[in-house]
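Reading through the structure tokens given below for one structure.
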Amino acid sequence: MKRNGFTLVELVVVIALLSLMAHLAVRQLSHQTEARRTAAANRQLEEIAAAVYATDTSGEPAGFLVDTGRLPRALPGTFTNLAEHLVPLTISELWRCPDDLPDYAIRPATPENLHVPESDKASLSDATVRIPCGWRGPYLRLPTGKDRLLDPWGNPFETPDDAGYARLLGADSAAVANGSPVLRIRHLGSDARPDDQSRPAAEKEKDVTISLTPSTGAEAALEIYAVGLSSGAETELPPSTVTFRWYAPCGGAITGAVHTAAVSTHRFEGMPLGYAYVRVSVPTATSTVHRVSLRSGDNWLKIKFPVP
């Protein structure tokens, strides 16, 4: 006799198989979702670092550090959903211009714009040297309607955050203080807890930290050579006193240094990354202003003067 339909046992088996398949599909989808969130969080860190210091399509330096001559500082946030004993600190300078940073403009290296020791102002003052500096953000854009930087899990990048964990780091990877420069930033993974307090059980829970400056540091050295040029060929300068000057952005002002000696070369240490503007003078001539792209480590510039 032919049987129609399914037995109860067969229905239970089919339902069990469908449930298992659905469970495996949901689990796989969850893994893929967490993998995408982890990748997105890592990309966020890279975008933050690029907003501070990066190179453009032509390989030239760009970002907040180049325009202002300094790293972003940890500034108090404007949030109201934190516990009373926590003071949120942010890198809001990347998306909101602080009161003490003027808008981006090309400024002459005159005394009122020079941020150098008083003893150097007279020797560095030069109205024909014009330096672009100031805030021309936003360097980083927040999602519409948001006033804080959140990772893909909805956890803040600020420090201290709602749980009191540090994500903005200064020297020696310590939590930054109000007004101090931010050297590193991290996300805490899906568990939102530092690895040293909660051993991560999976890749998605691991912390990831990124530096806001190149791995070799946030300072550069520049060696300047002054040489003579006679009949198209380079030659030594005759014995003379040479004055070397450099200028660079410093907040909304201009910093720099000067060195005068009877030498044809000089090395400046501890210069900010980005662009330096250099002028060299000898008794018979003054060079044009040379713009130098400074990367961490050693940089060189040769300036030629015509000689009889």
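Identify, please: which residue in the range 125-145 is of a type in the set (A, V, I, L, M) and in contact with a Leu (Cβ under 9 Å, 6 or more places away or on another chain) and is, among those, modelled with the lowest pLDDT? Explain how you work it out, then say what you get.
If we filter the range 125-145 for residues that are of a type in the set (A, V, I, L, M), which is where we start, we get 127, 129, 131, 140, 142.
From what is left, the residues that are in contact with a Leu (Cβ under 9 Å, 6 or more places away or on another chain) are 140, 142.
Values: 140: 93, 142: 88.
The selected residue is 142.
Conditions (1) of a type in the set (Lys, Arg); (2) outside any loop (DSSP other than H, G, I, E, B); (3) under 24 Å from the mean Cα position of the chain (by Cα); (4) farther than 30 Å from residue 289 by Cα, marked per residue:
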| site | (1), (2), (3), (4) |
| --- | --- |
| 121 | yes, yes, no, no |
| 128 | no, yes, no, no |
| 148 | yes, no, yes, yes |
| 153 | no, no, yes, yes |
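For residue 66, are the conditions met, namely being modelled with pLDDT under 95, part of a helix (DSSP H, G or I), closer than 23 Å to residue 210 by Cβ and among the hydrophobic types (A, V, I, L, M, F, W, C)? Spell out the reasoning first.
Values: modelled with pLDDT under 95: yes; part of a helix (DSSP H, G or I): yes; closer than 23 Å to residue 210 by Cβ: yes; among the hydrophobic types (A, V, I, L, M, F, W, C): yes.
Yes, satisfied.
Among strands (runs of 3 or more DSSP E) lying entirely in the range 202-299, which contain 2 or more residues that are small (Gly, Ala, Ser)?
Passing ranges, in order: 219-230, 253-261, 274-282.
Would you mention how many residues in the range 211-247 are buried (at least 18 other Cβ atoms within 10 Å of the Cβ) and under 13 Å from residue 268 (Cα atoms)?
Number of matching residues: 7.
I'd like to verify a number: residues in the range 166-188 that are of a type in the set (Ser, Thr, Tyr) and modelled with pLDDT under 90, how many?
The total comes to 1.
Out of the residues in the range 101-119 that are acidic (Asp, Glu) and under 28 Å from the mean Cα position of the chain (by Cα), which is farthest from residue 281 (Cα to Cα)?
Step by step, filter the range 101-119, then rank; the result is 103.
Check off (1) touching a strand residue (DSSP E or B) at 6+ places or on another chain (Cβ under 8 Å); (2) among the polar types (S, T, N, Q); (3) more than 30 Å from residue 248 (Cα to Cα); (4) without any contact (Cβ under 8 Å) to a residue 60 or more places away in the chain for residue 125 and give me the number that stays unchecked.
Here residue 125 clears every test but (3).
Take the residues in the range 195-210 that are of a type outside the set (Ser, Thr, Tyr) and farther than 25 Å from residue 47 by Cα; name whichever of them is surrounded by the fewest Cβ atoms within 10 Å (Cβ to Cβ).
196
Return the residue satisfying two criteria in turn: it lies in the range 258-308 and is within 12 Å of residue 221 (Cβ to Cβ) and in contact with a Lys or Arg (Cβ under 8 Å, 6 or more places away or on another chain), and of such residues it is surrounded by the fewest Cβ atoms within 10 Å (Cβ to Cβ).
This residue is 272.
Restricting attention to the range 169-183, does a residue exist that is surrounded by 14 or more Cβ atoms within 10 Å (Cβ to Cβ), in the same structural domain as residue 286 (by TED's automatic domain parsing) and among the β-branched types (Val, Ile, Thr)?
Within the range 169-183 (the criterion being surrounded by 14 or more Cβ atoms within 10 Å (Cβ to Cβ), in the same structural domain as residue 286 (by TED's automatic domain parsing) and among the β-branched types (Val, Ile, Thr)), the answer is no, since none of the residues qualifies.
Examine the range 91-107 for a residue that is in contact (Cβ under 8 Å) with a residue 60 or more places away in the chain and within 21 Å of residue 47 (Cα to Cα), and state whether such a residue exists.
yes
Would you please name the residue that is surrounded by the most Cβ atoms within 10 Å (Cβ to Cβ), looking only at residues in the range 113-156 that are over 26 Å from residue 93 (Cβ atoms) and among the charged types (D, E, K, R)?
Of everything passing the filter in the range 113-156, 126 is surrounded by the most Cβ atoms within 10 Å (Cβ to Cβ).
Residues 275, 225: which one is in contact with a strand residue (DSSP E or B) (Cβ under 6 Å, 6 or more places away or on another chain) and under 21 Å from residue 63 (Cβ atoms)?
Numbers: 225 fails: under 21 Å from residue 63 (Cβ atoms).
Among 275, 225, only 275 is in contact with a strand residue (DSSP E or B) (Cβ under 6 Å, 6 or more places away or on another chain) and under 21 Å from residue 63 (Cβ atoms).
The values are calculated or read from the model by the stated rules, or taken from the named source; none is laboratory data. The shown structure was predicted, so the numbers you read here are calculated from the model rather than taken from an experiment. Don't worry about glycine lacking a Cβ; one is built from the backbone with ideal geometry, like all the others, and counts go over all protein chains shown.
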